[in-house]
Amino acid sequence: MSQDREALAALAFQVESGADEAMDKEPVNRYRAVKEPEAPALGAPPVVAEPARRTPAPAPPPDHRPALLATGQATDSAQSKAASCMNLAELRDLVTEFDGCALRQTATNTVFADGNPEARVMIVGEAPGREEDLRGLPFVGESGRLMDRMLAAIGLDRETVYISNILPWRPPGNRKPTTQEITICLPFIERHIELSKAEILVFAGGTAASALLRRSEGITRLRGRWYKYQAGARELAALPAFHPAYLLRQPGLKREAWADFLKLKERLISLG
Ligand code: URA
């Protein structure tokens with residue numbers, strides 16, 4: 001393998017492992033050989049080591065990031081601030097400014113929503129991935145393209161659905177969000193649903209479904225059935241479905257996913 005191909009393969013491996021962000025502006029060669037002290041010549045008088053003079057470590061760069069609140073405090077703050085938002089524009093501003101969740105510090109953009117906020121159907125996924133983080137829009141990567149094709153198959157598109165996630169910031173390396181991160185951000189998506197015009201919710205994947213329905217079962221058990229979802233004074237119908245990223249890894253499940261999307265279509269028709 002040429003050196004270039006080797007370097008590319010090593011880079012691809014790192015990206016696949018989730019190391020896809022630069023940590024610093026300048027590269028650091030951590031493999032650089034450290035110069036060993038030379039051995040004294042044979043017969044030379046023993047060298048008495050001087051007491052090591054410690055050079056003080058350089059001061060770390062100033063950290064301008066705001067200190068994070070404890071989970072309980074951050075959740076309470078998210079809850080009361082979200083409740084004070086009277087429309088989606090206020091909620092978007094609030095979420096963009098909220099500094100109680102560490103994910104915001106590593107994300108490029110806050111990903112709030114896409115599609116039509118007046119739509120009858122709202123799809124809620126898990127969290128932005130790499131492309132979503134870069135573009136500031138949900139479901140615009142590979143799984144989003146599959147979702148668009150599935151929606152198109154039942155006559156829907158981003159003009160007729162509204163799309164968001166339970167987390168507005170990408171977890172680094174696309175790792176699973178922690179319970180703490182979900183707990184802190186939940187008041188935002190709950191208020192988001194309340195302020196939307198949606199009558200039907202589709203929870204894409206187990207993380208969204210179990211967080212919003214407060215259920216502990218996995219998506220395989222939850223999917224394909226209608227649940228009642230209380231959004232303030234309104235009762236909405238919620239349908240958990242497989243996440244499109246999961247379908248990309250398990251294409252054999254597309255049959256079930258298709259059955260779920262047909263249920264969504266029937267429900268929309270029955271609403272008139
Ligand atoms: N997966 C999600 O759950 N949401 C996105 O926006 C993209 C991928």
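Quick note: the coordinates plus some simple rules give every number you see, no bench work behind them. Source: prediction; values computed, not measured. Every residue, glycine as well, gets a Cβ built from its backbone with ideal geometry; the counts of neighbours run over all protein chains shown.
Inter-label distance, GLU97 to GLU266: 4.7 nm, where each label sits 7 Å from its Cα along the C-beta direction.
Each of VAL95, VAL111 was scored by other Cβ atoms within 10 Å of its Cβ. Arranged with the fewest first, they read VAL95, VAL111.
For the range 116-208, the percent of C-alpha pairs falling in each 5 Å distance bin, counted from 0 to the bin holding the largest distance, reads 3, 14, 24, 27, 20, 10, 3, 0. The alpha carbon gyration tensor of the range 157-272 gives principal lengths a ≥ b ≥ c with a/c of 1.5 or higher and a/b no greater than b/c, which makes the shape oblate.
3J(HN,Hα) couplings calculated from phi for the range 121-126 with the Karplus curve 6.51 cos²θ - 1.76 cosθ + 1.60 (θ = phi - 60°) are, in sequence order, 10, 10, 9, 10, x, 8 Hz; Gly and Pro show x. Residues whose amide H comes within less than 5 Å of that of ASN165, counting only those at least five positions distant or on another chain, are GLY125 (H built at 1.01 Å from N in the peptide plane). For GLY129, the amide hydrogen comes within under 5 Å of the amide hydrogens of PHE139, counting only partners 5 or more places away or on other chains and with H modelled in the peptide plane. A protection proxy built from the mean count of other Cβ atoms within 10 Å ranks the segments 112-120, 136-144, most packed first, as 136-144, 112-120. The stretch between ALA233 and MET86, if pulled fully straight at 0.36 nm per residue, gains 51.5 nm over its current Cα-Cα span. Phi angles across the range 190-195 convert, under the Karplus curve 6.51 cos²θ - 1.76 cosθ + 1.60 with θ = phi - 60°, into 3J(HN,Hα) values of 5, 5, 4, 5, 4, 7 Hz, Gly and Pro given as x.
Taking the Cβ of each residue in ARG214, ARG104 as the centre, tally the other Cβ atoms inside 10 Å and list the residues starting with the fewest.
On the way: ARG214 7, ARG104 21.
Ordered from fewest to most neighbouring Cβ atoms within 10 Å, ARG214, ARG104 come out as ARG214, ARG104.
For ALA231, nonlocal amide neighbours, meaning residues 5 or more places apart or on other chains whose placed amide H falls under 5 Å from its own, are LEU236. Apply the Debye scattering formula to the range 71-271, with a single equal point scatterer on each alpha-carbon and no solvent, then give log10 I(q)/I(0) at q = 0.07 Å⁻¹. The calculated log intensity ratios at q = 0.07 Å⁻¹ are -0.18. Pulled fully out, how much extra length does the chain show between ALA152 and LYS176, if you take 0.36 nm times their separation in residues and subtract their Cα-Cα distance? 5.8 nm is the gain from fully extending ALA152 to LYS176.
Distance between the pseudo-spin-label points of THR108 and THR71 (7 Å out from Cα toward the beta carbon): 3.0 nm.
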